[in-house]
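Reviewing the structure listed below.
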Amino acid sequence: MSTPSSLSPLPSPTHPLVPLSAAELTRSRELLAASGHLAETMRFASVALAEPPKAELVAWREGDPVPRRTRSVLWDRADNRTHTAVVDLVAAAVEEWRHLPDEVPNFTVDEWHEAEEALKAHPRVREALAARGITDLDLVLLDTWTYGREVMPEQWRDRRLGWADVWRRETPTGSPYAHPVSGLKFVLDMNTLELLEVHEDDDPARRAVGAVDASPAVVGEYEADLLPRALPGFAVREPLAPLEITQPSGPGFSVVDGLLTWDRWQVRLGFTPREGLVLHELQWVEGEERRTVGHRLSFAEMVVPYRDPSFDHYRRTAYDIGEWGLGYMTTSLELGCDCLGEIRYLDAVLTDSRGEPYTVTNAICLHEEDDGVLWKHVDASGRAAVRRARVMVISFHATVANYEYLVYWRLHQDGAVSCEVRATGIMVTTPLPPGEATPATGVLVDERTYAPIHQHFIVARLDLDVDAQPGQLPTNTVVEVDSVAEPVGPGNPYGLAVTTRSTPVRSEREAARSTDASVARTWKVTNPQRRNAHGAPVAYKLHTPSAIPALFDPQAPQFRRAPVIGSPVWVTRHHDDELWPAGDNPTQSAEDTGMSRWVADEEPLEETDVVLWHVFGIHHVPRPEDWPVMPCDPVGFSLTPAGFFDRNPTLDVAPPAGHGGGADGGHCHA
């Protein structure tokens with residue numbers, strides 16, 4: 001394969017996991033073009049860092065050569081064929097070019113905009129809208145979604161197919177999601193931008209309610225300047241007293257080439273088009289000792305099914321990571337609105353569908369927060385010993401059409417790691433014809449307007465390496481821990497005895513695990529080859545307060561695409577290519593090509609390199625209080641040390657300012 005005859009050298013990153021630069025992304029495209037593979041009709045679905053195999057990363061040391069490769073997923077608009085390419089930036093060569101038969105890659109932001117523009121120009125679209133009293137297309141939003149194969153029109157299943165929702169603004173700055181144009185969808189070929197079908201509800205009453213003069217008079221605006229029109233007498237409440245967060249000496253963390261150092265923690269920050277923020281090589285550092293906690297932590301999929309079989313919603317299941325990409329949906333953060341305090345931001349560099357790089361400024365926010373009391377005791381004499389907690393917050397925000405996902409990873413001084421997702425944005429709603437009852441699959445949130453029940457399943461991929469030996473892969477075992485009430489008997493006359501029962505997950509035959517609140521079930525990732533001072537294996541424990549039930553028939557088409565959502569915890573053997581639990585390319589899929597295939601070989605899981613997967617999220621039965629914009633709904637999970645340390649690791653945390661040193665030993669006094 002030919003390459004450009006003269007290539008200027010690229011700056012060499014300091015580590016194999018430093019995110020790709022604009023120059024590297026440009027070089028990757030240049031090398032693909034020079035190879036002869038890149039036809040004019042091809043588009044890029046994604047370009048990401050091709051991370052080295054885990055064994056190589058674990059063995060890599062400062063001063064070693066830094067491998068740099070990109071992995072691109074492309075499709076040809078001329079024949080709808082999908083390809084993957086690996087480019088070696090150091091060798092300046094295309095290392096791999098491979099066709100992916102019967103796979104449809106993620107949709108792109110460029111296509112979304114192109115689809116809306118093409119639809120608005122189409123006479124049949126204009127005619128359908130005009131029939132509903134809509135003639136100002138500047139007030140119309142056409143929101144293109146992807147399909148699952150089972151709900152695609154059969155005659156178009158060989159196409160890269162999209163369907164478009166129709167929404168209407170009352171004013172140029174108004175919320176389009178306030179006024180859905182019910183009973184009308186447009187089906188289009190995303191490659192040719194050809195309008196294939198105009199779908200209309202068979203029920204004439206439901207078609208009619210999409211018209212401007214038949215729409216309910218809802219309070220759908222949320223911006224303060226627009227609300228008085230819908231809510232006479234509305235006024236913004238008096239602001240609270242100012243709250244200022246300052247750190248006169250600057251932040252207590254540093255970040256160099258994506259390597260974040262704070263208190264005892266060190267972690268390398270990555271960012272990919274599909275996952276958004278990724279935490280690499282999470283370590284607890286105490287003096288010269290470095291103890292591994294996690295190799296790679298990220299979100300691997302997000303499945304959002306709408307549980308309403310009506311015309312407006314039966315197609316509506318989003319795979320926000322696999323079909324679109326959280327990285328591509330990431331928005332720039334702003335001081336004072338999204339982040340408070342002494343902030344440091346990191347930009348993210350991505351590519352458009354032409355393979356050209358662009359920058360999302362302030363994509364990642366880094367800051368510290370006071371987290372209340374870390375530990376405290378007041379003794380009998382009234383002496384109070386107190387330490388306050390500080391947390392390191394690493395966050396990014398993604399806007400996926402009508403919803404926002406605000407993602408916060410937190411590092412705690414006691415060795416815990418927690419993750420919170422705050423969902424906000426605007427619910428999808430549907431108008432009802434006059435006199436029609438609210439369907440049981442939704443909740444009335446405004447005049448003749450209901451919001452359907454839906455779910456947000458987030459799949460976290462937690463590649464934990466608990467106390468691995470330097471330069472070696474971990475030897476971990478996942479143990480399921482239940483608390484058990486012992487029966488009343490001679491040794492337990494008052495029925496007080498509670499013990500724990502630990503069951504190792506021995507093979508992938510047992511990969512899918514269930515929560516059980518009746519036994520306070522948790523899971524530990526242990527290292528049987530590393531013991532604490534008390535003789536127990538060192539471990540980290542997974543807490544799952546936000547697990548939700550799938551509520552799917554196993555044969556339901558959407559469940560067959562992503563059976564991973566059927567269990568809140570999974571354990572698999574680590575493989576470098578097992579990243580996406582609903583398949584590498586779930587767009588237009590009919591069956592799972594991810595988790596269910598991975599565990600079919602029933603690999604052993606004891607004292608080896610394992611990956612923990614946690615499925616959590618929101619079971620959203622709407623409330624009127626969620627409308628017209630939804631207050632944040634927080635969900636999450638945590639990982640806490642469980643015998644990883646020999647005692648409370650925060651005994652050495654400095655006392656509160658003004659209470660340290662001296663004879664009182666850092667006590668607070670009443």
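The values are calculated or read from the model by the stated rules, or taken from the named source; none is laboratory data. Computed from a prediction, not measured in an experiment: that's the story for all the values here. We place every Cβ from the backbone using ideal geometry, glycine too, and count neighbours over all the protein chains shown. Please note that ligands, DNA and RNA were not included when accessible areas were found on the heavy atoms of the full protein model with its side chains. Shrake-Rupley method; radii C 1.70, N 1.55, O 1.52, S 1.80 Å.
General remarks:
- Considering (1) in a loop (DSSP other than H, G, I, E, B); (2) open to solvent by 10 Å² or more (accessible area, probe 1.4 Å); (3) modelled with pLDDT under 95, the lone condition that G210 does not fulfil carries the number (2).
- Residue in region 510-520 that is under 20 Å from V564 (Cα atoms), in contact with a strand residue (DSSP E or B) (Cβ under 7 Å, 6 or more places away or on another chain) and part of a strand (DSSP E or B) present: yes
- Annotation: of all residues in region 318-353 being hydroxyl-bearing (S, T, Y) and not in a loop (DSSP other than H, G, I, E, B), the one that is most open to solvent (accessible area, probe 1.4 Å) is Y345.
- Residue in region 534-584 that is least open to solvent (accessible area, probe 1.4 Å), counting only those that are small (G, A, S) and within 22 Å of E606 (Cβ to Cβ): A539
- Just one residue in the set T438, T449 is touching a strand residue (DSSP E or B) at 6+ places or on another chain (Cβ under 7 Å) and either at pLDDT below 95 or open to solvent by 10 Å² or more (accessible area, probe 1.4 Å) (or both); that residue is T438.
For every residue, the table says whether it meets (1) in a loop (DSSP other than H, G, I, E, B); (2) touching a Leu at 6+ places or on another chain (Cβ under 8 Å); (3) at pLDDT 95 or above.
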{"position": "Y540", "(1), (2), (3)": "no, yes, yes"}
{"position": "I565", "(1), (2), (3)": "no, no, yes"}
{"position": "W580", "(1), (2), (3)": "yes, no, yes"}
{"position": "E591", "(1), (2), (3)": "yes, no, yes"}
{"position": "V611", "(1), (2), (3)": "no, yes, yes"}
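- Scanning region 469-521 for residues that are surrounded by 16 or more Cβ atoms within 10 Å (Cβ to Cβ), farther than 23 Å from A550 by Cα and touching a helix residue (DSSP H, G or I) at 6+ places or on another chain (Cβ under 8 Å) turns up just one, L473.
- Of everything in region 625-637 that is open to solvent by 30 Å² or more (accessible area, probe 1.4 Å) and within 18 Å of E420 (Cα to Cα), the residue that is farthest from the chain's Cα centre (by Cα) is P631.
- Residue satisfying all of: in region 109-136; closer than 17 Å to L196 by Cβ and of a type in the set (A, V, I, L, M); most open to solvent (accessible area, probe 1.4 Å) among these: A121
- Residue in region 571-581 that is farther than 18 Å from H295 by Cβ and among the charged types (D, E, K, R) present: no
- Members of region 89-130 that are under 25 Å from L38 (Cβ atoms), part of a helix (DSSP H, G or I) and touching a residue at least 12 places away in the same chain (Cβ under 8 Å): V109, D110, E111, W112, E114, A115, A118
- E356 touching a residue at least 24 places away in the same chain (Cβ under 8 Å), open to solvent by 20 Å² or more (accessible area, probe 1.4 Å) and touching a Pro at 6+ places or on another chain (Cβ under 6 Å): no
- R290 vs. criteria modelled with pLDDT of 95 or more and either surrounded by fewer than 17 Cβ atoms within 10 Å (Cβ to Cβ) or over 34 Å from the mean Cα position of the chain (by Cα) (or both): yes
- Selected residue [assigned to a loop (DSSP other than H, G, I, E, B) and either closer than 24 Å to D312 by Cα or more than 33 Å from the chain's Cα centre (by Cα) (or both)] from P474, P487: P487
Yes/no matrix, rows are residues, columns are (1) touching a Phe, Trp or Tyr at 6+ places or on another chain (Cβ under 7 Å); (2) in contact (Cβ under 8 Å) with a residue 40 or more places away in the chain; (3) open to solvent by 30 Å² or more (accessible area, probe 1.4 Å):
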| site | (1), (2), (3) |
| --- | --- |
| L10 | no, yes, yes |
| L17 | no, yes, no |
| P53 | no, yes, yes |
| R68 | no, yes, no |
| R71 | no, no, yes |
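- When L240, L184, L227 are screened for being in contact with an Asp or Glu (Cβ under 8 Å, 6 or more places away or on another chain), of a type in the set (A, V, I, L, M) and free of Cβ contacts under 8 Å to residues at least 24 places away in the same chain, only L227 passes.
- Considering residues of region 522-531 that are surrounded by fewer than 17 Cβ atoms within 10 Å (Cβ to Cβ) and touching a strand residue (DSSP E or B) at 6+ places or on another chain (Cβ under 7 Å) only, the residue farthest from V569 (Cα to Cα): R531
- Between S21, S46, the distinction of being within 28 Å of G471 (Cα to Cα), within 31 Å of the chain's Cα centre (by Cα), open to solvent by 20 Å² or more (accessible area, probe 1.4 Å) and polar (S, T, N, Q) belongs to S21 only.
- If the condition is being polar (S, T, N, Q) and open to solvent by 30 Å² or more (accessible area, probe 1.4 Å), then region 137-161 contributes only Q155.
- Count - residues of region 229-263 that are touching a Phe, Trp or Tyr at 6+ places or on another chain (Cβ under 7 Å) and either polar (S, T, N, Q) or open to solvent by 60 Å² or more (accessible area, probe 1.4 Å) (or both): 1
- The number of residues in region 373-405 that are hydrophobic (A, V, I, L, M, F, W, C), touching a Ser or Thr at 6+ places or on another chain (Cβ under 7 Å) and surrounded by 19 or more Cβ atoms within 10 Å (Cβ to Cβ) comes to 2.
- Number of residues in region 24-41 that are aliphatic (A, V, I, L, M) and open to solvent by less than 20 Å² (accessible area, probe 1.4 Å) equals 3.
- Cβ separations smaller than 6 Å between residues 6+ apart or across chains give no pair from region 585-606 residues that are buried (at least 22 other Cβ atoms within 10 Å of the Cβ) to residues that are at pLDDT below 95 and among the acidic types (D, E).
- Cβ pairs under 6 Å, 6+ apart, first in region 196-224 and within 17 Å of V428 (Cα to Cα), second assigned to a helix (DSSP H, G or I) and of a type outside the set (G, A, S): E221/L227
- Residue list for region 453-468, filter: open to solvent by less than 10 Å² (accessible area, probe 1.4 Å) and farther than 13 Å from V525 by Cβ: H454, Q455, H456, F457, I458, V459, A460, R461
- Among the residues of region 346-395, those identified as under 29 Å from T261 (Cα atoms) and basic (K, R) are K376, R387, R388, R390.
- Residue in region 300-310 that is of a type in the set (V, I, T) and either open to solvent by 50 Å² or more (accessible area, probe 1.4 Å) or in contact with a helix residue (DSSP H, G or I) (Cβ under 8 Å, 6 or more places away or on another chain) (or both) present: yes
- Residues within region 633-657 that are part of a loop (DSSP other than H, G, I, E, B) and not acidic (D, E), tallied: 14
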